[in-house]
Amino acid sequence: MEEQISDSVEELDAVIVGAGFAGMYQLYRLREAGFKTRVIEAADDVGGTWYWNRYPGARCDILTVDYSYSWDPELEKEWTWSERYATQPEILRYAQHVADKHDLRRDIQFQTRIKRAKWDEDAKRWNLLTDQGQKIAARFYIMATGCLSMPKVPDVPGADQFEGASYFTSGWPHEGVDFSGKRVAVIGTGSSGIQSIPLIAEDAAQLTVFQRTPNFSFPAHNGPVAEARLAEYQRDVNAYRQAARESLIGVPADKPSVSALEVSEEERAAVYEKVWETGELAQQIKFNDIQLNPEANETQRQFMHNKVRQIVEDPKIADLLCPTNHYIFTKRPCLDTNYYQTFNKPHVRLVDLHTQPIVSITRAGIDLGGDEPEELEFDAIVFATGFDAMTGAIVSVDIAGRDGLALRDAWSDGPQTYLGLMSAGFPNLFMITGPGSPSVLSNMMVSIEQHVEFITDTLKHLRDHGYDSIEPTALAQDRWVQHGNEFADLTLLPTANSWYMGRNVPGKPQVFLPYVGGVGRYREICDEIVDRDFLGFTLDGPEGRQSNDGVIRPVKPDMMVTLELIEEAGAPPFESVPVAEARAMAEGMGEMFPPGPEVGEIVDGTLPGADGSELEYRLYRPASPGPHPIVAYFHGGGWVLGSHSSDDPLCRDLCKQSNAIFVSINYRHAPEHRFPAAADDGLAAARWIAAHAEELGGIPGQLALAGWSAGANIAAVTAQQAKLAGGPDILGQVLLNPSVDGAMDTRSIRDNAEGYTLTTPLMTWFWDHYCDPSDRSNPKASPLRAEDLSGLPPAMVITCEFDPLRDEGDAYAAALSNAGVPVRHLQVEGHTHMSVSWVDVIVSAAFVRTEMAEATKDFFAPRH
Ligand code: NA7
């Protein structure tokens, strides 16, 4: 029994599983920091992936200058890679060289596996049992087990019957394999298949490739590292490495800023040609919407198809080699040397498993079914069928956390991690490049180093502060998993049957495993967590416990990225410039946004406002036959900025979705026209529209109000004024992020004061331009202050979590409801004041507009 710890239990500070690049560096760091550490490794030497995957053609698919350690300055100088993409033996030699140089092997126990790991809550340590029957107690248990280390069990019937030789690319014989004169089958056309097929074809008498899904592959153009690249690297190695750490995928590369659909076909073709010629995975994405927009993606996919058709002589074979069931870059693209050319060789055959599925592997070969059944005989079968990626190696160990919770059970619906580093319920268990971190979407070396350094610093922090355990909180973890899923869902990546999604392993939960946000952003997140006192972690020790619960990056990913871009653009705050300049800036910004959907018709006109003023309006008419109900719409812009056309995309979308006419009114603006001009214009416009419904193409009596921000203030005020004045009849009001109280004294005004575009200083500026402090308690300025809200039209009120105006909007919804007004109140998590109005940019807020449109429809034709 492990609980009865005897003298034969070895006590260590840390046990690391795996002596690949992650485990080796982790050992180096922890040893250096004075932790008594041991690595447990199943193989008989270091190298991990590069120890096992010895198939012919096995190479790195990231330039090896990039795929190398950056933590040892001497190593940077003393090691020179012979090729752009070093072969497996060279990379293995590099790993062995590092092990020798730093005398790592003395703390690595080879040919050993961890069989069981059990958390001891009282002793705050992991009790480990090896397959050698050895017991180890360690405070920290670190899995450096690799993302692609657990080969997939071949899910091909009869795989064990074959009497010829079977090989797995993931466990290739050390002495190599001589295929000369042999009839060879290769099952699988992922990276391993694509790298090995051309070389196996060189030796084999016959080669038959069994393809389930064709992949996108670029020519590697292997050879010496390009002079320019080497010079860039050597000029300032530290700067180069730093650029890698801050990049998207861990290799310095320009961030694409242009859409594939913005440039001409010729320009696009030239860009794709260059990408093809470059032969670098890290430099392949040159347009910012390739991974987001199917139409953009299609342009590069077609380019790739054309390349394949140019190389492969038999058009039928070429067609089979062109991937059509997934978008490019939604599966890991491959790099090859003469892969497509191999299919021009007479002794190489491609079997399409969709038309000729494998019925069974037999004693002599492979039986195919489908339309053309065949019995094929082979001397050797190569399984290049991939891995149970990212989670396979972790859940294969019997790991029991707090209260005996099995990791396998905790992850039965997919991995639950905070940052891909730790999992709640499993204190002091770390994963290097675990699911939920950039890992396989990045240059692994960069991600490995960042995790190792994070773990080492964390362990030192615990030691220095008298804590003996660390664990993520449930909230932090749940929201990290949510953040990762939401980020992935913005892209096309989850649409493919990929191992990123767990779809290659029958029965595996289908969730997107790596973090798509990029290594630079991810590193910033990790650093911020530490700076914020280990946000989302509980640290525990004999002298006390610190649990700084909270959520990192609670803003929805598309909004978050947009806020980052806005910050990078560095425009001055509106309130820091004169009004005319602020208006020009707002107009300029508006032009940068997508236009919104097509509607039936857009008509500009004028209508009479209050005090003899003439107001411009823009009418959006649905494409369906009229007449339609009408919504009088008031734009946002703090009574100072904007116009009847400034909320164009929002109005188009709402018009289309609600099948109602929207009339956007250019009410008079401050500071030229201060309170109550805009409010009075609201009522005047509503009256005029009601009176002229028929000539506008509307249905008389079918009028609702809508507005956003200050425009929602005018809508709310107009509804109140219409009630007091006895008309016009208003059937409903949609208030998006309304400003309803000039007091500006709420928690959200303080909590969301900065950083979410509408800032509290800007809101103050707006109010100051619009309304004297003495007037702000007047319900015509602050509709929340009205004494009697009863009898107002039904309302839909939308408030957003990260809007300074959130709380006043919530208060207005509650006050309306208390007064007996039917209210739909939508409190939108993770969004800001701008989210809903940025049509086709903040896609995660699109559902809000749909709900607004539904509410609008209900005003006109209530559903019971
Ligand atoms: P991959 O990329 O998972 O490729 C495995 C291939 O094997 C892929 O073409 C699979 O088709 C195919 N496969 C898997 N199971 C079967 C069965 N049962 N029948 C037929 N074909 C099958 O693994 P790799 O080792 O090539 O590469 C892994 C990573 O290593 C790579 O991305 C680089 O990062 C390095 P499928 O696509 O699932 O239809």
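Taking amide H as placed 1.01 Å from N in the peptide plane, ASN288 has its amide H under 5 Å from the amide H of SER257, VAL258, SER259, ALA260, each at least 5 places away in sequence or on another chain. Each residue of region 99-112 is assigned a 3J(HN,Hα), and the resulting list reads 4, 5, 4, 9, 6, 6, 4, 5, 10, 10, 9, 7, 6, 9 Hz, derived from the Karplus form 6.51 cos²θ - 1.76 cosθ + 1.60 (θ = phi - 60°), x at Gly and Pro. What shape does region 247-293 take by its C-alpha gyration tensor, where a ≥ b ≥ c are the square roots of the eigenvalues and a/c under 1.5 counts as rounded, a/b above b/c as prolate, and the rest as oblate? It is oblate, given that a/c is not under 1.5 and a/b is not larger than b/c. In whole Å, how far is the Cα centre of region 773-811 from that of region 106-170? Spelled out, the Cα-based centre of one part sits 61 Å from the other. Give me the percent of Cα-Cα pairs in region 682-824 that sit more than 18 Å apart, rounded to a whole number. That tail contains 54 percent of the Cα-Cα pairs. For VAL631, the residues 5 or more places off, or on other chains, whose built amide H falls under 5 Å of its own are ILE661, PHE662, VAL663, ALA704.
Per residue, the chain exposes an accessible area of 40 Å² to a 1.4 Å probe, with every protein chain left in place.
Seen through its C-alpha gyration tensor, with square-root eigenvalues sorted a ≥ b ≥ c, region 460-588 comes out oblate because a/c lies at 1.5 or above while a/b is not bigger than b/c. Computed from backbone phi with θ = phi - 60° and the Karplus coefficients 6.51, -1.76 and 1.60, the 3J(HN,Hα) list for region 56-68 is x, x, 5, 9, 6, 10, 10, 3, 5, 4, 7, 8, 8 Hz; x is used for glycine and proline. Here the Kirkwood formula puts the hydrodynamic radius of the chain at 30.5 Å, using every distinct Cα pair. Express in whole angstrom the spacing between the alpha-carbon centres of region 53-82 and region 316-330. Cα centres, region 53-82 to region 316-330: 31 Å.
Taking a straight Cα-Cα cut-off under 18 Å and skipping sequence neighbours fewer than 8 places away in the same chain, the aspartates and glutamates within cross-link reach of LYS723 are ASP680, ASP681, GLU787, ASP788. Residues whose amide H falls under 5 Å from that of GLY830, counting only those 5 or more places apart or on a different chain, are GLU801, PHE802, with hydrogens built in the peptide plane. Global size of region 11-79: 14.0, 43 Å for Rg and Dmax (C-alpha atoms, Rg to one decimal, Dmax whole). Put simply, when 364-373, 422-431 are sorted by average Cβ atoms within 10 angstrom per residue, most first, you get 422-431, 364-373. Computed log10 I(q)/I(0) for region 341-417 at 0.14, 0.27 Å⁻¹: -0.70, -1.30, from the Debye equation with unit scatterers placed on every C-alpha and solvent omitted. Take the alpha-carbon centre of region 591-605, take the same for region 186-237, and report the distance between them in whole Å. Spelled out, the Cα-based centre of one part sits 49 Å from the other.
Rounded to the nearest 20 debye, the dipole magnitude of the chain is 980 debye, with +1 charges on Lys and Arg beta carbons, -1 on Asp and Glu beta carbons, and the Cα centre as origin. Computed on the Cα trace of region 129-191, the radius of gyration divided by the Kirkwood hydrodynamic radius gives Rg/Rh = 1.11. Which translational diffusion coefficient, to the nearest whole µm²/s, is obtained for region 549-613 from the Stokes-Einstein equation, given a Kirkwood hydrodynamic radius over C-alpha pairs, 10 °C and 1.306 mPa s? In µm²/s, the coefficient is 99. Normalised by 2.2 N^0.38 Å, where N is the number of residues, the C-alpha radius of gyration of region 1-133 stands at 1.21. Calculate how large, on average over all directions, the projected area of the Cα convex hull of region 51-126 is; give the answer in nm² to one decimal. Averaged projected area of region 51-126's Cα convex hull equals 7.7 nm².
The packing ranking of peptides 700-709, 463-472, highest mean first, is 700-709, 463-472, where packing means the average number of other beta carbon atoms within 10 angstrom of each residue. Couplings 3J(HN,Hα) of region 591-605, computed from phi: 5, 7, 8, x, x, x, x, 5, 10, x, 7, 10, 10, 9, x Hz, in residue order, whole Hz [Karplus 6.51 cos²θ - 1.76 cosθ + 1.60, θ = phi - 60°; x for Gly and Pro]. Dividing the Cα radius of gyration of region 819-864 by its Kirkwood radius returns 1.04 for Rg/Rh.
Please say if region 592-648 is rounded, prolate or oblate, where rounded means a/c under 1.5 for a ≥ b ≥ c the square roots of the C-alpha gyration tensor eigenvalues, and otherwise the choice is prolate for a/b larger than b/c and oblate otherwise? Since a/c reaches 1.5 but b/c is at least a/b, the shape of region 592-648 is classed as oblate. According to the Kirkwood relation over distinct C-alpha pairs, the hydrodynamic radius of region 286-438 is 19.8 Å.
Computed over the Cα atoms of region 709-766, pair by distinct pair, the Kirkwood hydrodynamic radius stands at 12.8 angstrom. Ordered from largest to smallest accessible area (heavy atoms of protein chains, 1.4 Å probe), the residues LEU731, LEU421 come out as LEU731, LEU421. Computed packing ranks the peptides 395-402, 836-843, 141-148 as 141-148, 836-843, 395-402, most packed first, by mean other Cβ atoms within 10 Å.
Nonpolar atom fraction for region 165-383, defined as the carbon and sulfur part of the 1.4 Å probe accessible area, stands at 49 percent. Across region 165-383, C-alpha contacts under 8 Å between residues 6 or more apart give a mean separation that, scaled by the residue count, equals a relative contact order of 32 percent. Ratio of Rg to Rh for region 165-383: 1.02 [Cα atoms; Kirkwood radius as inverse mean 1/r over pairs].
The values are calculated or read from the model by the stated rules, or taken from the named source; none is laboratory data. For clarity, every value in this text was computed on a predicted model and none was experimentally measured. Cβ coordinates were reconstructed from backbone atoms using ideal geometry, including for glycine residues, and neighbour counts include every protein chain displayed. Protein only, heavy atoms only, side chains kept; ligands, DNA and RNA dropped before computing areas. Shrake-Rupley method; radii C 1.70, N 1.55, O 1.52, S 1.80 Å.
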